[in-house]
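What follows is a single structure, written as structure tokens, with notes after it.
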Amino acid sequence: MADRVTVIGWDGSPLTAAARSALGAATLVAGAAHHLSLPEVPAAAERIRLGSVALAARRIANHRGAAVVLADGDPGFFGVVRTLRAREFGLEVEVVPAVSSVAAAFARAGMPWDDAQVVVAHRRTLRRAVNVCRAHTKVAVLTSPGAGPAELGLLLEGVHRTFVICEELGTARERVTILTSDKAADHTWRDPNVVIVIGGFVATAEDGGWIAGRDPGTGPRGWALPAEAYGGALGEGETDLLRAAQLARLGPRVGDLVWDIGSGSGAFATEAARTGAAVIAVDRNPGSCARTEDSARRYGVQMQIVHGAAPHILENLPEPDVVRVGGGGAAVVSAVADRRPQRIVTHAATRDAAELIGRNLTEHGYHVECALLQSVELDTRAWAEKERSVAFLLTGRLPDRNP
């Protein structure tokens, strides 16, 4: 095992005395090509071109002597430190930090970033990173080859965002470009880069906020708010207790894309968006689309609203993770199941309709649960019944997908 392992962050600034001292004593240096060409790297040191960090960690673990790993930005922030410290390598490291590429990108843009979400996009996580950009007003995306600004822009089709693209920060080839997301695919971008994605109204807290990223305390306390919170009377499938059960069954979370088909007043779509998930609300009624937009604005959440009739309007929408079907019956449920979301919830007014939908979901390979929900609202002044609601709640879960 290496006698000493030092990880040095590099942001283009002159190396600190601690970094120069560690490099001077190194008998093995790992880093990218521009790191290994630094004049402070000893000529006699073994050099490892850093591609796979895991492979480099194995080499370092078997090295006798002092090792240095050079990495762009802050190596402890989505960087190499996590891999080097993994149990399988057993490396204890000393870290000389630098300004992270995210902090540098926001500095170039002249913007605060304590209220930003930060995500990593590579081929496996690109879709989830895009969903965060759909759901939040300020996101920094650490990109990778095949998951860069062009791919982000293409997957954000239908959602207007502004990109601040920072290429090769800290180098002589550094470049900062500002354009709209629909133009990103028209260019070729250099790696590595950071993309700041901005969209929607960005409110600035007078006291600067109290927690990094999205403040979870915004909006009213509680879920399944009453009809008055959404401008009055709601549809038969939008009762508060039914919405609460649907939210519980779907469990939307950050990085998910939720479809709300038959959004009505926008009550369910708004509450799904309040969880941090991305939401596409679909309704064939222009008035319902307007109400959904009003609900989203009232509670300060981002969502895409699509006017059109299901199932045909669903064909060109991006892949969902979870779906609520608020209207359309078995035909729409079948079209949704063809897209293979992890979970689907819907409701039926009669047992026959519930059985039809249940069989449909089963034939598509879903595990089906059904519950008869009955709620009675009481007037607490006289403890008399005011309103009664009955619905069959159906949930389909794909057994071959993560819960």
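Which of H347, G287, W383 sits closest to the plus end of the dipole of segment 241-393, meaning its Cα is farthest towards the positive end, when Lys and Arg get +1 and Asp and Glu get -1 on the C-beta?
W383
Return one whole number: the accessible area per residue of the chain in Å², for a 1.4 Å probe. Walk me through the intermediate numbers first.
Details: 19670 Å² over 403 residues.
Using a 1.4 Å probe on heavy atoms only, each residue of the chain averages 49 Å².
Which whole-Hz ³J(HN,Hα) couplings does segment 26-32 yield from phi under the Karplus relation 6.51 cos²θ - 1.76 cosθ + 1.60, θ = phi - 60°, glycine and proline marked x?
6, 10, 9, 10, 10, x, 6
With only alpha-carbon atoms counted, please give the Rg and Dmax of segment 222-273, in Å.
In Å, with Rg to one decimal and Dmax whole: 10.5, 31.
Specify whether the C-alpha gyration tensor of segment 338-379 places it in the rounded, prolate or oblate class, a ≥ b ≥ c being the square roots of the eigenvalues: rounded for a/c under 1.5, otherwise prolate if a/b is larger than b/c and oblate if not.
Values: a/c = 3.33, a/b = 2.04, b/c = 1.63.
Because a/c hits 1.5 or more and a/b exceeds b/c, segment 338-379 counts as prolate.
So I have (1) 0.94; (2) 1.71; (3) 1.20, and one of them is Cα Rg over 2.2 N^0.38 Å calculated from this model. Which one is it?
(3)
Please compute the alpha carbon radius of gyration of segment 126-188, then divide it by the globular-protein estimate 2.2 N^0.38 Å. Two decimals is fine. Write out the running numbers ahead of the final one.
Working: Rg = 11.4 Å, N = 63, 2.2 N^0.38 = 10.6 Å.
It is 1.08.
What are the ³J(HN,Hα) values, in whole Hz, obtained from phi via the Karplus relation 6.51 cos²θ - 1.76 cosθ + 1.60 with θ = phi - 60°, for each residue of segment 96-109 in sequence order, with x given for Gly and Pro?
So the J values, rounded to whole Hz, are 10, x, 9, 5, 5, 5, 5, 4, 5, 4, 5, 5, 4, 7.
Which loop-located trypsin sites (Lys or Arg not before Pro) does segment 161-250 contain, where loop means any DSSP state but H, G, I, E or B and the Cβ has at most 14 other Cβ atoms within 10 Å?
On the way: sites: R161, R173, R175, K183, R190, R214, R221, R243, R249; in loops: R161, R173, R190, R214, R221.
Counting only loop positions with at most 14 other Cβ atoms within 10 Å, the trypsin sites (Lys or Arg not before Pro) in segment 161-250 are R173, R190, R221.
Farthest toward the dipole's positive end in the chain, which of L152, A17, G365, given Cβ charges of +1 (Lys, Arg) and -1 (Asp, Glu) about the Cα centre?
A17
Provide the FRET efficiency to the nearest 0.05 for the D191-E369 pair, computing r from the beta carbons and using R0 = 45 Å.
Details: r = 46 Å, r/R0 = 1.02.
FRET efficiency, D191 to E369: 0.45.
Calculate the FRET efficiency for A227 and S21 from the Cβ-Cβ distance with a Förster distance of 51 Å, rounded to the nearest 0.05.
Working: r = 67 Å, r/R0 = 1.32.
My answer for the efficiency is 0.15.
When the scattering of segment 31-75 is computed by the Debye formula from its Cα atoms alone, each counted once and equally, what is log10 I(q)/I(0) at q = 0.24 Å⁻¹?
Once normalised to I(0) and log-transformed, intensities are -0.95.
For segment 30-186, what is the relative contact order in percent, using Cα pairs closer than 8 Å and at least 6 residues apart in sequence?
Values: 188 pairs, mean separation 22.3, N = 157.
About 14 percent, as a whole number.
Can you say what percent of the DSSP beta bridges in the chain, counting only those with both residues inside, are antiparallel? Round to 5. Provide the component values of the computation, followed by the final result.
Details: 37 of 76 bridges.
In the chain, approximately 50 percent of DSSP beta bridges are antiparallel ones.
Along the Cα→Cβ direction, 7 angstrom out, place labels at R49 and L241. What is the inter-label distance in nm?
Roughly 6.7 nm, to one decimal.
Give me the Kirkwood hydrodynamic radius of segment 244-287, using the inverse of the mean 1/r over all pairs of distinct Cα atoms, in Å to one decimal.
On the way: mean 1/r = 0.0951 Å⁻¹.
Roughly 10.5 Å, rounded to one decimal.
Short version: what are the Cα gyration tensor semi-axes of segment 48-141, square root of 5 times each eigenvalue, largest first, in whole Å? If you can, show how the numbers build up before the last one.
Values: eigenvalues 183, 53, 20 Å².
Over the Cα atoms of segment 48-141, the semi-axes work out to 30, 16, 10 Å.
How large is the convex hull of the Cα atoms of segment 95-206 per residue, expressed in Å³ as a whole number? All intermediate terms of the calculation are to be shown ahead of the outcome.
Working: hull volume 12.6 nm³, N = 112.
Spread over its residues, the Cα hull of segment 95-206 gives 112 Å³ apiece.
Quick one: putting +1 on the C-beta of Lys and Arg, -1 on the C-beta of Asp and Glu, what dipole do you get for segment 1-108 around its Cα centre, in Debye to the nearest 20?
Details: 11 positive and 9 negative charges, 48 e Å.
So the dipole magnitude of segment 1-108 works out to roughly 240 debye.
Pull out the extension gain between R82 and D182, defined as 0.36 nm times the separation in residues minus the alpha carbon to alpha carbon distance; nm, one decimal. Walk me through the intermediate numbers first.
Values: separation 100, 0.36 × 100 = 36.00 nm, distance 3.48 nm.
Extending this stretch completely gives an extra 32.5 nm.
Along Cα→Cβ, 7 Å out, is where each label goes; now give me the distance between the ones at D400 and H160 in nm to one decimal.
Spacing of the two 7 Å Cα→Cβ label points: 4.1 nm.
Can you give the local net charge around R249? Use residues other than it whose beta-carbon is closer than 12 angstrom to its beta-carbon, Lys and Arg +1, Asp and Glu -1.
Details: positive: R243, R324, R343, R397; negative: E369.
Here the charged neighbours net out to +3.
Based on the alpha carbon coordinates of segment 266-403, what radius of gyration and maximum Cα-Cα distance (Dmax) apply, in Å?
16.5, 52
Roll a 1.4 angstrom probe over the protein heavy atoms and tell me the percent of accessible area of the chain that is carbon or sulfur. If you can, show how the numbers build up before the last one.
Values: 10200 of 19670 Å².
Looking at the chain in its full context, I get 52 percent from C and S.
So who's got an amide H within less than 5 Å of the one on G235, skipping anything under 5 residues away but keeping other chains? H placed 1.01 Å off N, in plane.
Amide H neighbours of G235: S265.
What distance in nm separates the simple spin-label points at V120 and R173, each placed 7 Å from Cα in the Cβ direction?
2.3
Quick one: in segment 244-327, what % of C-alpha pairs are over 20 Å apart? Spell out each step's value before the answer.
Details: 788 of 3486 pairs.
Roughly 23 percent, rounded to a whole number.
In whole Å, what are the Cα extents of segment 331-403 along the three principal axes, biggest one first?
If we take the Cα atoms of segment 331-403, the spans are 50, 27, 16 Å.
Just how large is the dipole of the chain about the Cα centre, in debye to the nearest 20, putting +1 at every Lys and Arg Cβ and -1 at every Asp and Glu Cβ? Don't skip to the end; give the middle numbers.
Numbers: 43 positive and 45 negative charges, 194 e Å.
The calculated dipole for the chain is roughly 940 debye.
In sequence order, what are the phi-derived ³J(HN,Hα) couplings for segment 238-255 according to the Karplus relation 6.51 cos²θ - 1.76 cosθ + 1.60 with θ = phi - 60°, rounded to whole Hz, with x for glycine and proline?
Going residue by residue, I get 10, 4, 4, 5, 5, 4, 4, 5, 5, 4, 5, 5, 7, x, x, 8, 4, x Hz, with x marking Gly and Pro.
The values are calculated or read from the model by the stated rules, or taken from the named source; none is laboratory data. Here the structure is a predicted model, which means the values were calculated and not measured. Cβ atoms come from the backbone with ideal geometry, glycine included; neighbour counts cover every protein chain shown. When the accessible area is computed, the model is the full protein with side chains, heavy atoms only, and any ligands, DNA or RNA have been set aside. Shrake-Rupley method; radii C 1.70, N 1.55, O 1.52, S 1.80 Å.
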